[in-house]
Every structure is written in structure tokens, then in C-alpha cells.
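Here is the structure we will look at, set down as C-alpha cells.
The values are calculated or read from the model by the stated rules, or taken from the named source; none is laboratory data. As the structure is a computational prediction, the values presented were derived from the model and not from experiment. Please note: Cβ atoms are built from the backbone with ideal geometry, for glycine as well, and neighbour counts cover all protein chains shown.
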């Protein structure tokens, strides 16, 4: 099939993605789009594994009354750390997890649980911190020992303060950190492309990307105002409500977002619907 017969032929889409960038870009190029790739952040294990190991061993020795998993990435990092430690830690950790009621913020932690033969007991009513709080707000949490797997190094004081005020004992862990993935010059190139209106759309898949982009924009002569103006002239896509809320907080209009399943495939479908050639039939992703 020639590119002229593909739904995104002639469209140029910026992807400030890091993890799974190749997969995301491939889904768009297969539909005829040109892709401007700019990895903004990468994810690394916690620099000091000792607190993570201590938390995991504490969970084994005295299982929590319930566990809140905010990201799939965090669980995967802990499972990998247990494997590297060797001995019986991996098996003991997975067995202990299986016996604890588990609440996940969204579908990704559930997917990570399934990979080790477990499943979430509950999924938050919305894939946000507020959704987790809404799920728990009518429960008696007094005296409960609650484990919380955080995302990045964000202490998530909103959630921790809610649990503490409800009388729970909170035991949190940060299994990974975010780090800059590229030199500032690469981010500057992306901003230059946005200012020059060289792309039709930009698709964000994490709130960290948004913060990093504006962090670099503030260092430039044009500043944040010029970036906001540029974003207002193209289509801005968000993979889900957490990213959409971050964009909105910076004053960016969000034009499209999947309605229920907050993954890359549904995001590509929304981009095709918004930007695709109406003369070309919309396809379904595999």
C-alpha cells in the first residue's frame, strides 16, 4: 500500500516519549505519519536499593492490610530487584503479595501483577490519586497498615495525608527514579519545531514529559509564553487524564484523549480520527 492510501499520510506528529518510543512511532508511521521523535525522560532503578529491599522484606515479614500500587513500572522494578538479589526473596515476595488485598491506580499495575501470576483485587474508580482516594474514602482505615508504591520520587502527599488522617499507618516505597534522557539541546530542537509549526500534533504519554518540556522552555529567551502559543496552534494529545490534567495546569488546551483505555493504541486511534484523511477508511489496530 502506498503512503497516500494511509489515514495519516502527510501528517507530522511529535512524540516526546521515552519508554516504548519505538513501538509508538511504529504504530504512527504504519498509518502514514512522519514522526518527530524526542525522548524527554528515562526511568532508572532507585540509586540506593537498600530502602526498597527493606520495604520488600518488611512486607514479607509482616504483610500489609492492603497494598496500593500506583504504577506497573514500580512493581516490575521490585520484582527484578528481587530476582537480582537471588536466594528466596523473589518467591517469598510474590507469595506475600498474593495474600495482600491489592488496589491498583489503573490498568498498568494490574498488567504487571498478571505477569507474576497475580491480579488486582480492586481498581481505582479513576486512574488518578483522586480516584484512589475516592475508592477508599468510605472505608474504615483506622489502624490499618497500608503499603503504597509511589511513582518516581514524588511522595504523593495528597494520598499519604489522606491515609494518615484516616488513621492508617502508611509504608511507602519508591522503586525507581526519573532522569533526563537527552541533552537540553534535543529538547530545544523539539521546542524549535513546535514554534515553527513544523508538526500537526504532539502526543504526550506522561506528566513528566510535560514538566520537562516547560522546564527547558523557561530557560529560553522566548520563554513559556511562546511555547504555550505554539501548542495552541496544533493538536495536543494526552494518553489519559493524569497527563491531560498536567497539560491543563500549564494552560495547554488538550484536544484529544482516549475515553476509557489509557494506552498508546487507543491514543493512536484518536489521532487517526482527529487527523486522518476522511477519504481513507479508519483501520483497527492489531
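At-a-glance table
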{"item": "Of all residues making up segment 223-256, the number that are more than 14 Å from the chain's Cα centre (by Cα) and more than 18 Å from residue 191 (Cα to Cα)", "result": "4"}
{"item": "Flag if residue 172 is at negative phi and buried (at least 21 other Cβ atoms within 10 Å of the Cβ)", "result": "no"}
{"item": "Options 102, 30: the member that is within 23 Å of the chain's Cα centre (by Cα) and more than 16 Å from residue 152 (Cβ to Cβ)", "result": "102"}
{"item": "Failed condition for residue 139, given (1) over 20 Å from residue 52 (Cα atoms); (2) surrounded by fewer than 20 Cβ atoms within 10 Å (Cβ to Cβ); (3) touching a strand residue (DSSP E or B) at 6+ places or on another chain (Cβ under 6 Å)", "result": "(3)"}
{"item": "Residue selected from segment 5-26 under the condition assigned to a strand (DSSP E or B) and more than 19 Å from the chain's Cα centre (by Cα), by the criterion nearest to residue 147 (Cα to Cα)", "result": "13"}
{"item": "Conditions (1) assigned by TED's automatic domain parsing to the domain that holds residue 189; (2) surrounded by fewer than 20 Cβ atoms within 10 Å (Cβ to Cβ); (3) farther than 22 Å from residue 242 by Cβ: number failed by residue 21", "result": "(3)"}
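Let's see how each residue does on (1) in contact (Cβ under 8 Å) with a residue 12 or more places away in the chain; (2) outside the structural domain of residue 130 (by TED's automatic domain parsing); (3) touching a helix residue (DSSP H, G or I) at 6+ places or on another chain (Cβ under 9 Å); (4) farther than 30 Å from residue 101 by Cα:
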position: 150; (1), (2), (3), (4): yes, no, yes, no
position: 157; (1), (2), (3), (4): no, no, no, no
position: 160; (1), (2), (3), (4): yes, no, no, no
position: 166; (1), (2), (3), (4): yes, no, yes, no
position: 170; (1), (2), (3), (4): yes, no, yes, no
position: 190; (1), (2), (3), (4): yes, yes, yes, yes
position: 194; (1), (2), (3), (4): yes, yes, yes, yes
position: 205; (1), (2), (3), (4): yes, yes, yes, no
